[in-house]
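Participant: Starting off with a structure, shown below.
The values are calculated or read from the model by the stated rules, or taken from the named source; none is laboratory data. Values in this document were obtained by computation on a predicted structure and should not be read as measured data. All Cβ positions, glycine included, derive from the backbone under ideal geometry; neighbour counts span all protein chains shown. Just so you know, the surface numbers come from the protein's heavy atoms only, side chains and all, with ligands and any DNA or RNA stripped out. Shrake-Rupley method; radii C 1.70, N 1.55, O 1.52, S 1.80 Å.
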Amino acid sequence: MSPADDTTVRAAGCVLWRPAPGTSSPGSPGLELCLVHRPKYDDWSHPKGKLKPGEDPLAGALREVAEETGYAAAPGPELPTVRYLADGRPKEVRYWTAAATTGAFAPSDEVDRILWLEPTAARARLTRPHDRALVDALLATHPTGTTPCP
């Protein structure tokens, strides 16, 4: 695909994760993913949002995570960019893995609930197939050496 032109809606987000409580079994990824519920669309997705004019995509992704989930995050590897049509316009969303570090969720008009789910449950709960593919991408590049919140 070609790079975004000026009609493309630019957005960024993260697949936010934390260690799963009490998980240390061999073969288990030992992490939970944060999904956000957006009442306007009645869907479950990864935290993401439109970039401000001139905003660095990674900075925008971390800003959106903080705004939607209440958590600060330590970014990890970049994940595949997702491209689709939204209201007839091309949309491009860049994603990163991010470990939750500190914070707490507070409901808002934009996001009224979050869930922390192990990857299989998160994949099943996500509304859109392209969001499910990001779970697989995160597991393939599972960040190590990051200090996420307890």
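Participant: Being open to solvent by 30 Å² or more (accessible area, probe 1.4 Å) and not small (G, A, S) narrows it down to one of W44, W116, so name that one.
Facilitator: W116
Participant: Among the numbered criteria (1) open to solvent by 30 Å² or more (accessible area, probe 1.4 Å); (2) modelled with pLDDT of 95 or more; (3) under 25 Å from V9 (Cα atoms), which one does V36 miss?
Facilitator: (1)
Participant: Given the conditions (1) out of contact with any Gly (no Cβ under 9 Å at 6 or more places or on another chain); (2) touching a residue at least 60 places away in the same chain (Cβ under 8 Å); (3) farther than 18 Å from K50 by Cα; (4) open to solvent by less than 70 Å² (accessible area, probe 1.4 Å), and given that R125 satisfies all but one, which numbered condition is not satisfied?
Facilitator: The failed condition is (4).
Participant: Considering only the stretch 77-89, state which residues are open to solvent by 50 Å² or more (accessible area, probe 1.4 Å) and touching a residue at least 12 places away in the same chain (Cβ under 8 Å).
Facilitator: P77, E78, P80, R83, Y84, R89
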